[in-house]
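The values are calculated or read from the model by the stated rules, or taken from the named source; none is laboratory data. Everything quoted here is computed from the prediction, not taken from an experiment. In this analysis, Cβ positions are derived from the backbone assuming ideal geometry, glycine residues included, and neighbour counts consider all displayed protein chains. These accessible areas exclude ligands, DNA and RNA; they are computed on the full protein's heavy atoms, side chains included. Shrake-Rupley method; radii C 1.70, N 1.55, O 1.52, S 1.80 Å.
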Amino acid sequence: MTDFWLDTLAAFIADFRLDTLTPATVEQTTYVILDTIGAIVGGAAEPEMQALTARLTVSPVGEASVMGTGKTAVSAAAAFLNGTAGTFLEMDEGNRFAKGHPSIHALPAVWAMAEIKGLSGKAAMEALVLGYEIGARIGIAASLRPDMHPHGTWGTVGAAAAVAKLLGYDAARIRETINVASSLTLASSKRTMLEGGTVRNAYAGISNRMALMAIDLVETGFIGERDGLSSVFGKVVSERFDTARMIDGLGRDWQIDQNYFKLHSCCRYNHGALDALDLLLAKEAVAADAVERVDVASYLYAAELNDQAPRNTLAGKFSVPFAVATRLVRGSSRVENFTWDALRDERVLALAKRVFVTEDKAMTAKLPQFRPARIEVHLRDGRMLSASVEANRGDDQDPYSRDELTGKYFSLTARMLPHEVADEMRKKILTLDDIADIRSIFAR
């Protein structure tokens, strides 16, 4: 038998208690939850989400919150809608080592089940920490095929493990849940994000929905492969799966402590160039009409985001030329500067065509520990201004302050909620381990 590691993993999940975490990790978890809920509520304002929410919450009425809308739905629909909304603005946190976004793939499923069961905030936090850990570890242990998008893949298993923990499963049942969930992952395409295919925004929602389906299947007697993770992530969607990395350091180092938060409303691969541009502009103000061209050098994944004429807002979020241009023309990289208004701004579109991004192989070699970028702004008066970064702001290497994250939360929730309502939610989320019934967070 070569799957003993899976028994070790399942036993760890079954035995884990939130009380074993340091106060710093508990606090970090509350901010990950706050940030993720902010992204969900902000994304719920998008027109596609408004239409989808109306379609899926008409009937039947459920007991799980569709965050920010004042509506409820059955657990499957709520988990799907919240997971989908949370990726819409490209503001959800992530983990650079896993190369993906563990929280948005697990929190909606955990939250829906915790609300339906009337469970405590502490129970939900305990489950989310594990869902984050397991999902991220799969992302680290596997090497997804280059044409795959990480959304909707390993997050499904992380979410299912989290819900299994929430429901008090023993180690044997947790192991079965992991094996069943491994067969419910997507083979998602990277082209969707590069071309602006907004079906990509549904991938995290589907992960949360499939996690709850895995629970339904296990509770009705379905079983999976003996070692579904090694099969799916070692042979199907990836050709490598390092089982040793799945259990090495369990309970010692927590992936949630090594996350990143986002203030730029676009793909993380843009952030190096934008951080460098912010440094440059802090030293010297540059008028957009004074710019002749911009050259960006960065690592491979950033260099792939080279679309100079994105067709919609999603494609704009996955375009270094557009991100740089909208920052220069409109003054920031906040949510409002990646909207349709920004995408139709002729000044932005004209400048984006003069922004060029190339791979620097030396920068690629520094992944995943660093995500470097260098930007050169060539001015019409013949001068060239430049700046560079090694790490992205928001990483554990260069974290945003709690005040910055709070400001981001309010800017996103303001799209759907009055300030006083969002503030009351914030106070409860930041003391979530003391909340007796999680249903009180979205009670109106």
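What the table below lists for this structure:
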{"item": "Total residues in the range 235-269, condition over 15 Å from the mean Cα position of the chain (by Cα) and within 23 Å of TYR301 (Cβ to Cβ)", "result": "8"}
{"item": "Number of the condition not met by ARG374 [criteria: (1) at pLDDT 95 or above; (2) crowded, with 20+ Cβ neighbours inside 10 Å]", "result": "(2)"}
{"item": "Pairs with Cβ under 8 Å, 6+ apart, first in the range 386-414 and at positive phi, second open to solvent by 40 Å² or more (accessible area, probe 1.4 Å)", "result": "GLY394/LEU263"}
{"item": "Neighbours by Cβ (under 6 Å, 6+ apart or cross-chain): first from the range 171-188, over 21 Å from MET148 (Cα atoms); second open to solvent by 30 Å² or more (accessible area, probe 1.4 Å) and among the hydroxyl-bearing types (Ser, Thr, Tyr)", "result": "none"}
{"item": "Search result, residues across the range 16-37 that are of a type in the set (S, T, N, Q) and in a helix (DSSP H, G or I)", "result": "THR20, THR25, GLN28, THR29, THR30, THR36"}
{"item": "Number of positions in the range 171-202 that are closer than 29 Å to VAL320 by Cα and part of a helix (DSSP H, G or I)", "result": "10"}
{"item": "Flag if ASP360 is touching a strand residue (DSSP E or B) at 6+ places or on another chain (Cβ under 9 Å), exposed (fewer than 15 other Cβ atoms within 10 Å of the Cβ) and touching a residue at least 12 places away in the same chain (Cβ under 8 Å)", "result": "no"}
{"item": "Subset of the range 1-29 (residues that are of a type in the set (S, T, N, Q), surrounded by fewer than 17 Cβ atoms within 10 Å (Cβ to Cβ) and touching a residue at least 40 places away in the same chain (Cβ under 8 Å))", "result": "THR2, THR8, THR20, THR25"}
{"item": "Any hit, the range 149-170, residues being open to solvent by 10 Å² or more (accessible area, probe 1.4 Å), in contact (Cβ under 8 Å) with a residue 12 or more places away in the chain and part of a helix (DSSP H, G or I)", "result": "yes"}
{"item": "Single residue of the range 224-263 satisfying the filter (touching an Asp or Glu at 6+ places or on another chain (Cβ under 6 Å) and within 27 Å of THR30 (Cβ to Cβ)) that is most open to solvent (accessible area, probe 1.4 Å)", "result": "GLN258"}
{"item": "Per-region count, the range 185-201, residues open to solvent by 30 Å² or more (accessible area, probe 1.4 Å) and closer than 21 Å to LEU52 by Cβ", "result": "5"}
{"item": "Flag if ILE116 is farther than 24 Å from ASP242 by Cβ, hydrophobic (A, V, I, L, M, F, W, C), open to solvent by 10 Å² or more (accessible area, probe 1.4 Å) and part of a helix (DSSP H, G or I)", "result": "yes"}
{"item": "Selection count where residues are in contact (Cβ under 8 Å) with a residue 40 or more places away in the chain, open to solvent by less than 30 Å² (accessible area, probe 1.4 Å) and either in a loop (DSSP other than H, G, I, E, B) or within 18 Å of GLU48 (Cα to Cα) (or both), scope the range 324-334", "result": "1"}
{"item": "Residue match in the range 389-409 (condition: over 24 Å from the mean Cα position of the chain (by Cα), at pLDDT 95 or above and of a type outside the set (Gly, Ala, Ser))", "result": "no"}
{"item": "Of all residues making up the range 30-62, the number that are open to solvent by less than 30 Å² (accessible area, probe 1.4 Å) and at pLDDT below 95", "result": "2"}
{"item": "Residue match in the range 255-267 (condition: at negative phi, of a type in the set (Lys, Arg) and at pLDDT 95 or above)", "result": "yes"}
{"item": "Subset tally (residues that are open to solvent by 30 Å² or more (accessible area, probe 1.4 Å), in contact (Cβ under 8 Å) with a residue 40 or more places away in the chain and small (Gly, Ala, Ser)) for the range 415-444", "result": "1"}
{"item": "Identity of the residue in the range 282-323, of a type in the set (Lys, Arg) and outside any helix (DSSP H, G or I), that ends up least open to solvent (accessible area, probe 1.4 Å)", "result": "ARG293"}
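Matching residues to (1) modelled with pLDDT of 95 or more; (2) closer than 16 Å to ALA76 by Cβ; (3) basic (Lys, Arg):
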residue	(1), (2), (3)
VAL163	yes, yes, no
VAL199	yes, no, no
PHE222	yes, no, no
VAL237	no, no, no
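For (1) hydroxyl-bearing (Ser, Thr, Tyr); (2) buried (at least 24 other Cβ atoms within 10 Å of the Cβ); (3) not in a loop (DSSP other than H, G, I, E, B), each residue gets a yes or a no:
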site	(1), (2), (3)
ALA78	no, yes, yes
ASP92	no, yes, no
SER103	yes, yes, yes
GLY131	no, yes, yes
ALA136	no, yes, yes
